[in-house]
């Protein structure tokens, strides 16, 4: 059985840890409020950009564009968005698992946004092509554009044949969903393909271009890629703060439970010590008599 001194020392250590986790929970709560507002304000534009581009391509006939056909290379570029810090529950590991299940290491060119995902995937044999971990601290559209330009350049040069984005979709404070979506070449659903194959007079919104179709797609698709990367970063930051808030709240609750148990053990040990001392005193008195 542990001594009173050992129990007291352990209880003090857990109390100190509980204070740290509680402070981290409060910080994450404040950050979550800000990041959630940004993510929710950006999400309609994020979703509309994706659906609009798919709709345009579905209603476009006989257009072959370098962004719309798979490259000759069998390599796959994956932009993996994680965090630079841990203590966020399964937030980082869920993205790593999503990439592992969807992208083979031998074919992957990793564009890492976040040190945790970068290190975990590098240990599993993924080739690190570029590291943008610093931008996740305060992402901007300019950062997303720079990353998008880098992967599009690799796509145009034939270094990769597909581009994927791995991020965590923010549903609400307690629900976050890791996703792996293909950015290029754009994949259309069966309904969109069917709509695009219908005669023009039967379409609800026939697609007309003001100018050359190639020029329009040259301007449209890069912006589509930049927007999805930027939206993915904002969603991931909100998810990270939500996951860390939950993890720290759980850790604080566990610390409080452990402190209660240790306090009970300490009181029992103290009572036992007092009882033993009284017994010894009474035994000594009787021996003198």
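Each reported figure results from applying straightforward, stated rules to the coordinates on display, with no laboratory input. All values derive from a computational prediction rather than experimental measurement. Cβ placement follows ideal geometry from the backbone for every residue including glycine, while neighbour counts extend to all protein chains displayed.
How much length would be gained if the chain were fully extended between residue 26 and residue 13, taking 0.36 nm per residue of separation minus their Cα-Cα distance, in nm to one decimal?
Working: separation 13, 0.36 × 13 = 4.68 nm, distance 2.04 nm.
In short, 2.6 nm is gained.
Among (1) 34, 22, 20; (2) 35, 25, 15; (3) 59, 19, 15, only one was calculated for this model; which label is it, if the read-out is semi-axes √(5λ) of the Cα gyration tensor in Å?
(3)
Using the count of nearby Cβ atoms within 10 Å as a rough guide to exposure, how do 119, 134 rank from fewest to most?
Details: 119 15, 134 12.
In increasing order of surrounding Cβ atoms, one gets 134, 119.
Return one number: the angle in degrees, 0 to 90 and rounded to the nearest 10, between the long axis of the Cα atoms of helix 141-156 and the longest principal axis of the Cα atoms of the chain.
In the chain, helix 141-156 runs at an angle near 60 degrees to the longest axis.
With both partners inside the chain, how many of the DSSP beta bridges are antiparallel, as a percent to the nearest 5? It would help to have the intermediate numbers written out before the result.
On the way: 9 of 24 bridges.
Given both bridge residues lie in the chain, the antiparallel proportion sits at roughly 40 percent.
Just grab the label-to-label distance for residue 149 and residue 131, each label 7 Å out from Cα along the Cβ direction, in nm (one decimal).
Output for this residue pair reads 2.2 nm.
What is the fewest-to-most order of 248, 48, 4 by other Cβ atoms lying within 10 Å of their Cβ? Mind dumping the intermediate values first?
Values: 248 23, 48 11, 4 15.
Taking fewest neighbouring Cβ atoms as first place, the list is 48, 4, 248.
Along the Cα-to-Cβ line of residue 34, 7 Å from the Cα, sits a label point; which residues in region 236-276 have backbone N less than 17 Å from it?
In region 236-276, the label zone of residue 34 (backbone N under 17 Å from the point 7 Å along Cα→Cβ) covers 236-245.
Which of 245, 233 comes first, and how do the rest follow, when ranked by fewest Cβ neighbours within 10 Å? Kindly include the intermediate steps, with their values, before the conclusion.
Values: 245 23, 233 28.
Neighbour counts put them in this order, fewest first: 245, 233.
So for the chain, averaging the separation of alpha carbon pairs under 8 Å that are six or more residues apart and normalising by length, what relative contact order in percent results? Before the final figure, lay out each step's value.
Numbers: 406 pairs, mean separation 92.8, N = 289.
Once normalised by length, the contact order is 32 percent.
Quick check: pseudo-label points 7 Å beyond the Cα along Cα→Cβ at residue 45 and residue 267, how many nm apart are they?
Between residue 45 and residue 267, the simple spin-label model gives 5.8 nm.
Give, in nm to one decimal, the length gained when the segment between residue 254 and residue 181 is fully stretched (0.36 nm per residue of separation minus the Cα-Cα distance). Walk me through the numbers before you get to the answer.
On the way: separation 73, 0.36 × 73 = 26.28 nm, distance 3.66 nm.
Separation in residues times 0.36 nm, less the Cα-Cα distance, equals 22.6 nm.
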